[in-house]
Each structure stands twice: as structure tokens, then as C-alpha cells.
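Colleague: The structure that follows is given in the form of C-alpha cells.
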Amino acid sequence: MSQIAFWGAVELGLVYAFVAIGVFLAFRVLDFPDLTVDGSFPLGAAVAAVLIIAGVNPWLASGAAMLAGAAAGIVTAILNVRFRILNLLASILTMIALFSVNLRVMGKPNVALINADTMLSPFYGLGLRDFYVRPLFVGFLVLIAVIAVWRFLESDAGLAMRATGANARMARAQGVDTSRQIHLGMALSNALVALGGALFAQTNGFADVTSGVGTIVVGLAAVIIGETLLGARGILIALIGCVLGSILYRIAIQLALSTDMLGLQASDLNLVTAALVTVALVLPRLRRGGACMIKLDNIQVIFGKGTPLQKQALNGVSLTIEEGTFVTVIGSNGAGKSTVLGVLAGDVIPTAGQVTIGNADVTRKGTAARAGLVARVFQDPLTGSCGALSIEENLALAARRGESRGLTPALGPKRREHFRERIAELNLGLESRMRDRMDLLSGGQRQAVSLVMATLAGSEVLLLDEHTAALDPGMAEFIMNLTQKIVSERKLTALMVTHSMRQALDFGHRTIMLHAGEVVLDVSGDSRKTLQVEDLIAMFRRIRGQTLDDDALLIG
């Protein structure tokens, strides 16, 4: 691949980085599948090109393009929020309408910008070759966009938007106007995409009505490649990953088309694109052991087998839980909730059946052998940490979970700083007390530290055993919101046992009810979002023909 071809690929990757950031806002922050971008990208190009040809300052023309893209995003949001049209269908309707709108704006399928002044014109002739100027200029704009979006998402307003995407019901309970957040998020997302379109027109010298075909695929590929390479380490890293993913995606496309050995031609672009996107989608699953993170196959647990005290705790429980799913588990006393967690943690070896975590069969492995795969937070705050050790010593112990422990110092300067940063995220003031013993902390503070401990070593499965039951209501709410944040940001697969039906519906993606050692209810998706406690009780009555008489479940 020639130098010009390489920098051309970098330039195009930087242009599409705006698309990737916009897609990140819609898909990852708002959890809104948005195909509007296939229309808002050429809309931005069309508006900018027409205005530039008409003599408008190219910076103002690009600003107008962003406003047009924002308007397109708001239309999609209105269709979804106001008229209750499914988000995916709403975005498809807007995308289809924009094809005609773009033709109207341009007056013809293609508009050329040859010899027209663009945003880049003042930077040509300064001693750098043109194929350096374009990526440097666009890269500077991308840097500004990344910083602006990062600062916004870290603000109070951005936090409200992230909460809307992660748990709309909880966000509304905290006074967040989720409808407004969806409108704002969709406007920002498509404004960035339209800016990418405006820059595409100015760097390539034309605007075309078909230039948006497949834009959503390119944006998603960039986001997924970035996540695969950098992982989930916070908002800034995720945004940098979007940019890096977009650039690498374009370089990979250029390499594939430039390699004579493969015999590919420019007409094979769609084939290469499809192949690379497929690899980008499959790679994270290969790295993390597949889409299925937890599988329980016909689990039987009998305590005291063969004795007069024999009791069947689990009776043929089978569950498949995909990675990144937050499952809440409810049931009466003795239903088998804690036994399921014990089977996953390794505390309980099943009498029959198979336990698979990731691709590993862990059926006969004990707790210590599974520690690298599974982390656990207990009901009693005293159980999850060692009172005789300091906060930082507890964290150092947890950081080596599942690894060998040698003679290297447990606490060095870098590790101490890392622990302090993680504890500071709790906003409990504990970062100034890192050398205090754990038994000097309150129960709620100790449970918050236990949550941090559980997520230090990179385990992808988090087990929560009624971890708010021993706390006062205020601290219980704080711990639950912290749990939701940690599980969402780190994309953990979590199982939370709770005695509160209300809590089971307010948090997570899926709710399972156990009764007499069997799974009697399993609800998720849209059918779960509208459920109330009374609905769960009625469903239980229909299935089991019994009355649910556990006061803790009913009151909770």
C-alpha cells in the first residue's frame, strides 16, 4: 500500500470517526438502535455542499449541516417517544424519507465542489503535502469532538442521558425526563454524523445522495473494533476506541483492496466490508468465550442424600445466560436462590448436571478454582472483606483473585494510586482513609468497597447474594445504583438474588423466579418492562396454581 493510499485511509477513517461517535451515543449510551445515520450522513454532505456553492462560509455551512442532522435525529425521537413507534422502525422511516429530502436539497443526485473554497482551503500551500493536510485537519476536529462529548457525558446532564439508556425506570425515579434525554441524544448523535458527511464532501470534493449507504454498518464496526481492542474502561477510552476503530477499519479495507494476492477489485468493496464487519462482530465473542457466559444444564442438588434429612434444593434447573446480561433472581425462602449462586460460585457441587462458565466446564471445580471467573458480594457486609486488614490491603488481596501469589510487594505506589482512584469513584470520602482497617467502616461503606473488590480482577461474572438486605434504605438505594453503574460500565454478566419483587423489576434485563427448586418464571425484554409486582404474582398463580405467601416478596 502506497503512502498516499495509507494517509487516504487514515483521512477517511477520521471522517467516519464522527459517525462512530454518533453511533456510540445512540447504541451504547441511549441503547437506541438508530438507522437514521444512513440518511443524516448524506444530508450533512448535501447541505454543506449546496451552501458552499452558494457562497456561504464553509464553517457556517458545516454548522448548518449539523443542525440539519440534529433535526433528522429529533424526527426519529418524536416518532419513537411521542407516537410510540418502535425505535428501529422509527429510524428506518426517517432514513427512507431523508433520501427524498437529500435529493430535494441538492436538486440532483450529485453535487461537485471542484474549485470551491472549503474549510481546508486556508491550510493548503503551507509547506505540507495535501494528503497530510487533510488528515491533520480532520484529526484536530475529531480531537475537539472527543473531548466535548467526553466532558458532556461526564457532566450531570450526560449522567442523566447515560442513566436513561441504562435504566430508564430508575432514571425517571430520580427525576430525569427520559423523553427529553432521548430527543437530545438523538439530536447530538445525528449532528455528529452530519458533520462527518459535511467533511466527507469537503475532503472528497463532492456530495452524493448514495454516500450514506451502509453508514450504520461502518459506524457499528468502528465501535465494536474499538471495544475489542480497548475494552470497557470508561467514557474517554470508549470514545478513543471509536476513533481508533474507525481508522483501523479503513486501513483494513484499503489493505484488502491493495493486496494483489487476493485478487480483489474496487467493485468488491461491499464484500470486503461485510467480511470485516463480520470479523469485528465475532472477535469479541471469541475473545470472551462466546455469547453464552453461563449455562446450567439440568442441575440437581440434594442435601443429605440417603439420610432421613434428605432435601432436594434444586430439581432440574437449566439456564442459559448471555454475556453482559443482568439477571435478577427472586423466590420465597427455600426456593433455591442461594443454592443456584452456590452452584455457580463453587460452594455447592451439584448432585447431577453440568455447570459451564464461558467455555469452561467448572462442574467439579471448587470456589478457589473458579475465582478468576466468578466474583461474589455477600449479604453480610462483614463476609465480603477482612476487618483486620486495611482498605488497600483488602483491595490488594482482591486484585490477585484467580492468580498466583508470589513474593512481590502487595502494595506498590502504582497499585496504591489505582486503588485510591477506584475508591474515589464511590464518592464516600474513603480515598483519604485507605490505610484504615475495614472494621472501622460502616456496613454500607464496607459493602461499597466489597463491590469494588469484586470487580478489580477482571472476572466477567458477578454474583450478588441479597447484598442490600442488611443495609438501611438510604444506603441500600446507593449500593443498588452503584451496582447498576458497575455492571453496565464493565459489561458484566450478573446474577442478583433479591427478596424484593420491586427491586427485581427495577434493575437488570431479565427476571427469574424460583419455587421449590425449579424455575417457574423467566421474563425479559419488552414483556418485562411493563410488568408490575401484581403481574408477577398473577403469573405465578397461573403457572403453579398456588398463592405466593412470602411477605418479604410481596411487601418488597
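Colleague: Can you tell me which residue in the stretch 384-416 is nearest to S450 (Cα to Cα), limited to those that are surrounded by 13 or more Cβ atoms within 10 Å (Cβ to Cβ) and hydroxyl-bearing (S, T, Y)?
Modeller: Filtering first and then ranking leaves S385.
Colleague: Based on what the data block shows, is G219 crowded, with 20+ Cβ neighbours inside 10 Å and in a loop (DSSP other than H, G, I, E, B)? Full working, then the answer.
Modeller: On the way: crowded, with 20+ Cβ neighbours inside 10 Å: yes; in a loop (DSSP other than H, G, I, E, B): no.
It is false that G219 is crowded, with 20+ Cβ neighbours inside 10 Å and in a loop (DSSP other than H, G, I, E, B).
Colleague: Those residues that are in a helix (DSSP H, G or I) and open to solvent by 40 Å² or more (accessible area, probe 1.4 Å), I need them from the stretch 417-434; list them, please.
Modeller: Scanning the stretch 417-434 gives E417, H418, R420, E421, E431, S432.
Colleague: Can you spot a residue in the stretch 154-165 that is of a type in the set (D, E, K, R) and in contact with a helix residue (DSSP H, G or I) (Cβ under 8 Å, 6 or more places away or on another chain)?
Modeller: yes
Colleague: I would also like to ask the following. Since G241 meets every condition but one in (1) open to solvent by less than 20 Å² (accessible area, probe 1.4 Å); (2) more than 24 Å from S155 (Cβ to Cβ), which condition does it not meet?
Modeller: Among (1) open to solvent by less than 20 Å² (accessible area, probe 1.4 Å); (2) more than 24 Å from S155 (Cβ to Cβ), the lone unmet condition for G241 is (2).
Colleague: Further question: Regarding V10, is this residue under 18 Å from L184 (Cβ atoms) and under 31 Å from the mean Cα position of the chain (by Cα)?
Modeller: Spelling it out, it is not the case that V10 is under 18 Å from L184 (Cβ atoms) and under 31 Å from the mean Cα position of the chain (by Cα).
Colleague: OK, next. Any residue at all in the stretch 439-447 that is among the hydrophobic types (A, V, I, L, M, F, W, C), within 27 Å of the chain's Cα centre (by Cα) and within 18 Å of G384 (Cβ to Cβ)?
Modeller: Within the stretch 439-447, not a single residue is among the hydrophobic types (A, V, I, L, M, F, W, C), within 27 Å of the chain's Cα centre (by Cα) and within 18 Å of G384 (Cβ to Cβ).
Colleague: Out of the residues in the stretch 140-191 meeting the condition of being of a type outside the set (V, I, T) and in a loop (DSSP other than H, G, I, E, B), tell me which one is modelled with the lowest pLDDT.
Modeller: N167
Colleague: Output the number of the condition that A457 fails; it satisfies all remaining conditions of (1) in contact with a Ser or Thr (Cβ under 8 Å, 6 or more places away or on another chain); (2) among the hydrophobic types (A, V, I, L, M, F, W, C); (3) open to solvent by 10 Å² or more (accessible area, probe 1.4 Å); (4) more than 17 Å from A163 (Cα to Cα).
Modeller: All conditions are met except number (1).
Colleague: Further, regarding this structure: I need the full set of residues from the stretch 310-355 which are among the β-branched types (V, I, T) and open to solvent by less than 30 Å² (accessible area, probe 1.4 Å), in order please.
Modeller: V317, I321, T325, V327, T328, V329, I330, T339, V340, V343, V348, V355 - these are the residues of the stretch 310-355 that are among the β-branched types (V, I, T) and open to solvent by less than 30 Å² (accessible area, probe 1.4 Å).
Colleague: Scan the stretch 478-498 residue by residue and report those that are in a loop (DSSP other than H, G, I, E, B), of a type outside the set (S, T, Y) and in contact with a Ser or Thr (Cβ under 9 Å, 6 or more places away or on another chain).
Modeller: Residues satisfying the conditions are R490, L492.
Colleague: Of the conditions (1) open to solvent by less than 30 Å² (accessible area, probe 1.4 Å); (2) at pLDDT 90 or above; (3) over 18 Å from F18 (Cα atoms), A280 fails just one. Which one is it?
Modeller: Of the numbered conditions (1) open to solvent by less than 30 Å² (accessible area, probe 1.4 Å); (2) at pLDDT 90 or above; (3) over 18 Å from F18 (Cα atoms), the odd one out for A280 is (2).
Colleague: Restricting to the stretch 124-153, and then to whatever is in contact with a Leu (Cβ under 8 Å, 6 or more places away or on another chain) and open to solvent by 80 Å² or more (accessible area, probe 1.4 Å), can you tell me which residue is farthest from S189 (Cα to Cα)?
Modeller: L128
Colleague: Given the options V111, V101, V75, name the one that is closer than 20 Å to S189 by Cβ and in contact (Cβ under 8 Å) with a residue 60 or more places away in the chain.
Modeller: Details: V111 fails: closer than 20 Å to S189 by Cβ; V75 fails: in contact (Cβ under 8 Å) with a residue 60 or more places away in the chain.
On inspection, the qualifying residue turns out to be V101.
Colleague: Please work out if Q379 is out of contact with any helix residue (DSSP H, G or I) (no Cβ under 8 Å at 6 or more places or on another chain), in contact (Cβ under 8 Å) with a residue 60 or more places away in the chain, in a loop (DSSP other than H, G, I, E, B) and surrounded by fewer than 22 Cβ atoms within 10 Å (Cβ to Cβ).
Modeller: Answer is yes for this residue.
Colleague: Quick one: how many residues across the stretch 493-521 are at pLDDT 90 or above and of a type in the set (D, E)?
Modeller: Number of matching residues: 1.
Colleague: May I ask you to say which residue of L441, L382 is over 30 Å from G304 (Cα atoms) and among the hydrophobic types (A, V, I, L, M, F, W, C)? Break it down into steps so the answer makes sense when it comes.
Modeller: Numbers: L382 fails: over 30 Å from G304 (Cα atoms).
From the options L441, L382, the qualifying one is L441.
Colleague: Starting from the stretch 54-65, keep only residues that are over 11 Å from A191 (Cβ atoms), then list their pairs with residues that are part of a loop (DSSP other than H, G, I, E, B) and open to solvent by less than 30 Å² (accessible area, probe 1.4 Å) whose Cβ atoms are within a distance under 8 Å, requiring at least 6 positions of separation or different chains.
Modeller: Short answer, once both residue conditions are applied: P58/T118; P58/M119; W59/M119.
Colleague: Find all pairs meeting these conditions: Cβ atoms under 6 angstrom apart; at least six residues apart or on different chains; first residue within the stretch 311-335 and aromatic (F, W, Y); second residue surrounded by fewer than 22 Cβ atoms within 10 Å (Cβ to Cβ).
Modeller: From the stretch 311-335, the pairs are F326/H509.
Colleague: Taking the stretch 361-376 as the search range and keeping residues that are outside any loop (DSSP other than H, G, I, E, B) and either touching a Ser or Thr at 6+ places or on another chain (Cβ under 7 Å) or crowded, with 19+ Cβ neighbours inside 10 Å (or both), which one is modelled with the lowest pLDDT? Please lay out each step first, then the result.
Modeller: Quick first cut of the stretch 361-376, residues outside any loop (DSSP other than H, G, I, E, B) only: 361, 367-370, 374-376.
From the residues that got through so far, the ones that are either touching a Ser or Thr at 6+ places or on another chain (Cβ under 7 Å) or crowded, with 19+ Cβ neighbours inside 10 Å (or both) too are 370, 374-376.
Working: R370: 88, V374: 92, A375: 91, R376: 92.
Within the stretch 361-376, the match that is modelled with the lowest pLDDT is R370.
Colleague: Continuing with the same structure: All but one of (1) touching a helix residue (DSSP H, G or I) at 6+ places or on another chain (Cβ under 7 Å); (2) open to solvent by less than 40 Å² (accessible area, probe 1.4 Å); (3) in contact (Cβ under 8 Å) with a residue 40 or more places away in the chain; (4) among the polar types (S, T, N, Q) hold for T468; state the number of the condition that does not hold.
Modeller: If we test T468 against (1) touching a helix residue (DSSP H, G or I) at 6+ places or on another chain (Cβ under 7 Å); (2) open to solvent by less than 40 Å² (accessible area, probe 1.4 Å); (3) in contact (Cβ under 8 Å) with a residue 40 or more places away in the chain; (4) among the polar types (S, T, N, Q), just (3) comes out false.
Colleague: Across the stretch 435-475, what is the total count of residues that are of a type outside the set (S, T, N, Q) and not in a helix (DSSP H, G or I)?
Modeller: Of the residues in the stretch 435-475, 19 are of a type outside the set (S, T, N, Q) and not in a helix (DSSP H, G or I).
Colleague: Further question on the same structure: Got at least one residue in the stretch 193-200 being in a helix (DSSP H, G or I), surrounded by 20 or more Cβ atoms within 10 Å (Cβ to Cβ) and at pLDDT below 95?
Modeller: No, the stretch 193-200 contains no residue that is in a helix (DSSP H, G or I), surrounded by 20 or more Cβ atoms within 10 Å (Cβ to Cβ) and at pLDDT below 95.
The values are calculated or read from the model by the stated rules, or taken from the named source; none is laboratory data. Just so it is clear, the structure is predicted and the values come from calculations on it, not from any experiment. As a convention, Cβ positions derive from the backbone with ideal geometry for all residues, glycine included, and neighbour counts pool all protein chains shown. With ligands, DNA and RNA removed, areas are computed over all heavy atoms of the protein, side chains included. Shrake-Rupley method; radii C 1.70, N 1.55, O 1.52, S 1.80 Å.
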